[in-house]
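> Provided herewith is a single structure, encoded as structure tokens, for subsequent inquiry.
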Amino acid sequence: MEFMLSLIVPMYNEEANIDTFYKSIKDTMLKNSYNFEIICINDGSKDNTLLLLRELAHKDERIKVIDLSRNFGKEVAMSAGLKYASGDAIIPIDADLQDPPDVIPLLVNKWTEGYDVVYATRTKREGETALKKMTAHMFYRVIAKLTRIDIPEDTGDFRLMSRQVVDALNQLPEHHRFMKGLFSWVGYKQTSITYEREARFAGKTSFNYWKLWNFAIEGITSFSFAPLQFSSYLGFFVSITSFIYMIYLIFNTIFFGNPVAGYPSLMVAILFFGGIQLITLGIIGEYIGRIYNETKRRPLFLVREEINIPSSSVSRKN
Ligand code: UDP
Ligand code: MG
């Protein structure tokens, strides 16, 4: 069959994985005689990732390298890769071999059956703590409740997308890019296959719980107004309650007089309302901050160097 696969590989400090990754991808591609390109995005690595990529790209023209000017984070690195991909089907894949290359032919088969998006769902997660699995599970639950789009659970960025879908994604201008959400948002004909997720081959994950927490906030605020609505419901509820309390106080004072005590209740009221006001202001602030960021209209990423990218290729304005 005559089609070309673009693999998109964001890389941040992956020197220990590059060679094995390249070999196993090449194996799979040869076995299935696919045409392919591997688009490696060096996301401001502090180790020898770029050096190793240069060497590989020198030996193999199918390796294309985009060296970003600094660390922009995985979501942006992946978006950069999507802009450069020239294949008929595009597959984002991690460099640490957690997304097994053997799964690629399964994705391709479904695609040739006529699906636009084939995502790979994990049935097992090796080498991850129970706490990480639990928080991940909760995250999918919460996001499913709060947003209208359907983000499949236990599905990472590893998936196959048709040219048409990637063209659609490339049109999305937002800077706050919660890719899992955007992948679902574009729609098209989607299906899934399952696989077992391996542990990282080498190196260590760069996602700690603080980063994951921020990732979750990003996902929720990008696709849902629920926190804002929650603030107004909370405000409404509190006003009703205090109105009832006010009536009670007035009647109580009229009929039974006012002995002027009430320091505790006064204190409780002040602290309670102060807290609620700060929380709701914070929620509004989260959204305003994002509006502010979007209005700056900065480019999504900056490229320091391109290797093996034909100068005439692709519309890669961002
Ligand atoms: N990555 C990146 N930029 C970052 C952090 C990670 O490009 O700032 C890449 C990393 O090199 C890897 C992929 O994103 O190819 C997934 O990262 P990691 O394995 O650390 O995440 P996890 O598998 O734990 O979710
Ligand atoms: Mg990983």
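> Any idea how many residues of segment 1-23 are within 16 Å of ligand 2 (Cβ to nearest atom) and open to solvent by less than 30 Å² (accessible area, probe 1.4 Å)? So that I can check it myself, show each step before the final result.
Taking segment 1-23 first, the residues within 16 Å of ligand 2 (Cβ to nearest atom) are 7-18, 20-21.
Checking which are open to solvent by less than 30 Å² (accessible area, probe 1.4 Å) leaves us with 7-11, 14, 17-18, 21.
Residues flagged as within 16 Å of ligand 2 (Cβ to nearest atom) and open to solvent by less than 30 Å² (accessible area, probe 1.4 Å) within segment 1-23 amount to 9.
> Assuming Leu52 fulfils every condition listed in (1) in contact with a helix residue (DSSP H, G or I) (Cβ under 6 Å, 6 or more places away or on another chain); (2) closer than 28 Å to His176 by Cα apart from one, which condition is it?
Failing condition for Leu52: (2).
> Does at least one position in segment 7-19 carry a residue that is β-branched (Val, Ile, Thr) and under 23 Å from Asn109 (Cβ atoms)?
From segment 7-19, those β-branched (Val, Ile, Thr) are 8-9, 18; that's our starting set.
Restricting the remaining residues to those that are under 23 Å from Asn109 (Cβ atoms) gives 8-9.
Yes, segment 7-19 contains a residue that is β-branched (Val, Ile, Thr) and under 23 Å from Asn109 (Cβ atoms).
> Sticking with this one: Considering only residues that are charged (D, E, K, R) and over 16 Å from Arg304 (Cβ atoms), look in segment 38-56 and name the one that is nearest to ligand 2 (Cβ to nearest atom).
From segment 38-56, those charged (D, E, K, R) are 43, 46-47, 54-55; that's our starting set.
When the remaining residues are screened for being over 16 Å from Arg304 (Cβ atoms), the result is 47, 55.
Values: Asp47: 16, Glu55: 23 Å.
Result: Asp47.
> Please identify the pairs in which a residue from segment 135-157 that is part of a helix (DSSP H, G or I) has its Cβ atom under 6 Å from the Cβ atom of a residue that is surrounded by 14 or more Cβ atoms within 10 Å (Cβ to Cβ), counting only partners at least 6 apart or on another chain.
Every condition considered, the pairs that remain are Phe139/Ala216; Tyr140/Glu153; Ile143/Ile151; Ile143/Gly219; Leu146/Ile220; Leu146/Ser224; Leu146/Ala226.
> Restricting attention to segment 24-43, which residues are exposed (fewer than 14 other Cβ atoms within 10 Å of the Cβ) and part of a helix (DSSP H, G or I)?
Those that are exposed (fewer than 14 other Cβ atoms within 10 Å of the Cβ) and part of a helix (DSSP H, G or I): Asp27, Leu30, Lys31.
> Taking the criterion of being within 16 Å of ligand 1 (Cβ to nearest atom) and open to solvent by less than 80 Å² (accessible area, probe 1.4 Å), would at least one residue in segment 259-272 satisfy it? Spell out how you get there, then give the answer.
So the first thing to find is which residues in segment 259-272 are within 16 Å of ligand 1 (Cβ to nearest atom), and the list is none.
No, segment 259-272 contains no residue that is within 16 Å of ligand 1 (Cβ to nearest atom) and open to solvent by less than 80 Å² (accessible area, probe 1.4 Å).
> When the residues of segment 60-111 are filtered to those that are assigned to a helix (DSSP H, G or I) and polar (S, T, N, Q), which remaining residue is farthest from Asp19 (Cα to Cα)? Spell out how you get there, then give the answer.
Step one: list which residues in segment 60-111 are assigned to a helix (DSSP H, G or I), which gives 74-84, 101-111.
Add one more test, that the residue is polar (S, T, N, Q), and what stays is 79, 109.
Details: Ser79: 24, Asn109: 27 Å.
Going through the qualifying residues, I end up with Asn109.
> Scan segment 44-58 and tell me whether some residue there is within 23 Å of the chain's Cα centre (by Cα), open to solvent by 30 Å² or more (accessible area, probe 1.4 Å) and of a type in the set (A, V, I, L, M, F, W, C).
If we filter segment 44-58 for residues that are within 23 Å of the chain's Cα centre (by Cα), which is where we start, we get 44-46, 49.
Within this subset, residues satisfying the condition of being open to solvent by 30 Å² or more (accessible area, probe 1.4 Å) are 46.
With of a type in the set (A, V, I, L, M, F, W, C) added as a condition, the list becomes none.
No, that holds for no residue.
> Taking Ser265 as the residue in question, decide whether it is modelled with pLDDT under 80, polar (S, T, N, Q) and over 21 Å from Glu75 (Cβ atoms).
Numbers: modelled with pLDDT under 80: yes; polar (S, T, N, Q): yes; over 21 Å from Glu75 (Cβ atoms): yes.
It is true that Ser265 is modelled with pLDDT under 80, polar (S, T, N, Q) and over 21 Å from Glu75 (Cβ atoms).
> Turning to a different aspect of this structure: Based on what the data block shows, is Phe251 at pLDDT 80 or above and among the aromatic types (Phe, Trp, Tyr)?
On the way: at pLDDT 80 or above: yes; among the aromatic types (Phe, Trp, Tyr): yes.
Answer is yes for this residue.
> Limited to segment 59-85, what total is found for residues that are of a type outside the set (A, V, I, L, M), within 15 Å of the chain's Cα centre (by Cα) and within 10 Å of ligand 1 (Cβ to nearest atom)? Outline the logic, then answer.
Taking segment 59-85 and keeping what is of a type outside the set (A, V, I, L, M), we get 59-62, 64, 67, 69-75, 79, 81, 83-84.
Keeping just the survivors that are within 15 Å of the chain's Cα centre (by Cα) gives 72-75, 79, 81.
Next, only the ones that are within 10 Å of ligand 1 (Cβ to nearest atom) stay: 72-75, 81.
The total comes to 5.
> Only one of these is among the acidic types (Asp, Glu) and in a loop (DSSP other than H, G, I, E, B): Glu196, Glu218, Glu174. Name it. Reasoning before the result, please.
Details: Glu196 fails: in a loop (DSSP other than H, G, I, E, B); Glu218 fails: in a loop (DSSP other than H, G, I, E, B).
Exactly one of Glu196, Glu218, Glu174 is among the acidic types (Asp, Glu) and in a loop (DSSP other than H, G, I, E, B), namely Glu174.
> So for segment 66-83 (the condition being farther than 28 Å from Gly181 by Cβ, buried (at least 19 other Cβ atoms within 10 Å of the Cβ) and more than 16 Å from ligand 2 (Cβ to nearest atom)), does at least one residue qualify?
Of segment 66-83, the ones farther than 28 Å from Gly181 by Cβ are none.
No; the residues of segment 66-83 include none that is farther than 28 Å from Gly181 by Cβ, buried (at least 19 other Cβ atoms within 10 Å of the Cβ) and more than 16 Å from ligand 2 (Cβ to nearest atom).
> Ok, one more. From the list Asp88, Asp116, Asp102, exactly one residue is over 15 Å from the mean Cα position of the chain (by Cα), open to solvent by 40 Å² or more (accessible area, probe 1.4 Å) and modelled with pLDDT of 90 or more. Which is it?
Working: Asp116 fails: open to solvent by 40 Å² or more (accessible area, probe 1.4 Å); Asp102 fails: modelled with pLDDT of 90 or more.
Residue meeting the stated conditions: Asp88.
> Considering only residues that are within 16 Å of ligand 1 (Cβ to nearest atom) and exposed (fewer than 13 other Cβ atoms within 10 Å of the Cβ), which ones fall in segment 170-198?
Within segment 170-198, just Glu196 meets the criteria.
> With respect to Tyr287, is the statement that it is over 20 Å from the mean Cα position of the chain (by Cα) and part of a helix (DSSP H, G or I) true? Step through it out loud before you land on a result.
Numbers: over 20 Å from the mean Cα position of the chain (by Cα): no; part of a helix (DSSP H, G or I): yes.
No; evaluated as a whole, the condition is false for this residue.
The values are calculated or read from the model by the stated rules, or taken from the named source; none is laboratory data. Nothing here was measured: the structure is a model prediction, and the numbers come from that model. Cβ coordinates were reconstructed from backbone atoms using ideal geometry, including for glycine residues, and neighbour counts include every protein chain displayed. We work out accessible area using only protein heavy atoms, side chains counted, and drop any ligands, DNA or RNA first. Shrake-Rupley method; radii C 1.70, N 1.55, O 1.52, S 1.80 Å.
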